[in-house]
Amino acid sequence: AQKVTQAQTEISVVEKEDVTLDCVYETRDTTYYLFWYKQPPSGELVFLIRRNSFDEQNEISGRYSWNFQKSTSSFNFTITASQVVDSAVYFCALSEEVDSNYQLIWGAGTKLIIKP
Amino acid sequence: KAGVTQTPRYLIKTRGQQVTLSCSPISGHRSVSWYQQTPGQGLQFLFEYFSETQRNKGNFPGRFSGRQFSNSRSEMNVSTLELGDSALYLCASSIGGRATNTEAFFGQGTRLTVV
């Protein structure tokens, strides 16, 4: 069965520190998609990035960067020079097809606390 | 442009009752998906609708059902409520494709409490 593991339940750092959120996934499919979403206290999930299984290029967007490694089934997310506004719960998710039915499997989330 | 709107924001129901939650997607978005979020089980995919048809389904009992109207608005219904159905129910819309494969825009959710 597919699975997404975010081993870090909670991370607390001081503002301006770099922080990496880990995501490890399991799938038997060769075609799948990986996502990161952010959930601030207001509740709505905010899309950050999508990666398909054929694209292993790392991505950088401002202070955010993602490292996708198929060899270790990991899709880690790094925030550089963290800010208080980055405080939120971050979810990693895996999408794959099972018997013509697509499902989105979510990790348990990592609560990130950025202290001023 | 307006985001995804979910109503009501909060709801308290009694065990055994049924409930209907509503979701209005972003204008032009044809795919609507629903998720349940609880402290114990985390985020779980319920189902996805596209052009009034259920396209994908998660592993929930038949008490959970949904529908989508011609204007893409969607409703989710839970019958015979159980205490364990207490959760934040999130709706997401995407412009097309499969909601599970593309960027999705989420509403703020409906907090359902079953007593």
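The numbers here are math on the coordinates, done by the rules we state, and not lab data. Keep in mind that this is a model prediction, so the values were computed, not measured. Positions of Cβ are generated from backbone atoms using ideal geometry, with glycine treated the same way; all protein chains shown enter the neighbour counts.
Could you give the dipole magnitude of region B:3-107 about its Cα centre, charging the beta-carbon of Lys and Arg +1 and that of Asp and Glu -1, in debye to the nearest 20?
Details: 10 positive and 6 negative charges, 23 e Å.
For region B:3-107, the charge dipole is close to 120 debye.
Label points 7 Å out from Cα along the Cβ direction at B:Thr113 and B:Ser27: separation in nm?
Between B:Thr113 and B:Ser27, the simple spin-label model gives 3.6 nm.
Sort region A:42-116 into rounded, prolate or oblate with this rule: let a ≥ b ≥ c be the square roots of the eigenvalues of the Cα gyration tensor; rounded if a/c is under 1.5, and if a/c is not under 1.5, prolate when a/b is larger than b/c, oblate otherwise. Don't skip to the answer; put the middle values down first.
Numbers: a/c = 2.48, a/b = 1.47, b/c = 1.68.
Cα axes put region A:42-116 in the oblate bin.
List every residue whose amide H lies under 5 Å from the amide H of B:Ser31, counting only residues 5 or more places away in sequence or on a different chain, with H placed 1.01 Å from N in the peptide plane.
B:Ser94, B:Gly96
When only Cα pairs under 8 Å and 6 or more residues apart are kept, what is the percent relative contact order across chain B?
Details: 299 pairs, mean separation 42.1, N = 115.
It rounds to 37 percent for chain B.
Which of the listed residues, A:Trp36, A:Val24, A:Asn58, is farthest toward the dipole's positive end in region A:24-63, when Lys, Arg count +1 and Asp, Glu count -1 at the beta-carbon?
Projecting each Cα onto the dipole axis, the largest value belongs to A:Trp36.
Give me the dipole magnitude in Debye, nearest 20, for region A:13-116 about the Cα centre, with unit charges on the beta carbon: positive for Lys and Arg, negative for Asp and Glu. Numbers along the way, then the final one.
Values: 9 positive and 14 negative charges, 65 e Å.
Around 320 debye, computed over region A:13-116.
Would you compute the Debye intensity of the protein assembly as shown from its alpha-carbon atoms alone, equal scatterers and no solvent, and pass along log10 I(q)/I(0) at q = 0.13 Å⁻¹ to two decimals?
Debye intensities relative to I(0), on a log10 scale: -0.78.
Per 10 Å bin from zero, what fraction in whole % of the C-alpha pairs of chain B is there, up to the bin with the longest pair?
Values per bin, smallest distances first: 16, 51, 29, 5.
Points 7 angstrom from Cα along the Cβ direction at B:Ile95 and A:Arg63: gap in nanometres?
The modelled label-to-label distance comes out at 2.8 nm.
Taking trypsin sites (Lys or Arg not before Pro) that fall in a DSSP loop and have at most 16 other Cβ atoms within 10 Å as cut points, what is the longest piece of chain A between them? Could you put the intermediate results ahead of the total?
Working: sites that count: A:Lys16, A:Arg28, A:Arg63.
In short, A:64-116.
Cross-link candidates for A:Lys3: which lysines have Cα within less than 23 Å, leaving aside residues fewer than 8 places away along the same chain?
Candidates past the 8-residue exclusion: A:Lys38, A:Lys70, A:Lys111, B:Lys57.
Return a whole-number percent for the relative contact order of region B:1-56, with Cα pairs under 8 Å and 6 or more residues apart as the contact set. Mind showing how you got there, number by number?
On the way: 62 pairs, mean separation 14.2, N = 56.
RCO, region B:1-56: 25 percent.
If you take all C-alpha pairs in region A:42-86, what percent of them are over 11 Å apart? Before the final figure, lay out each step's value.
Working: 711 of 990 pairs.
More than 11 Å apart: 72 percent of the Cα pairs in region A:42-86.
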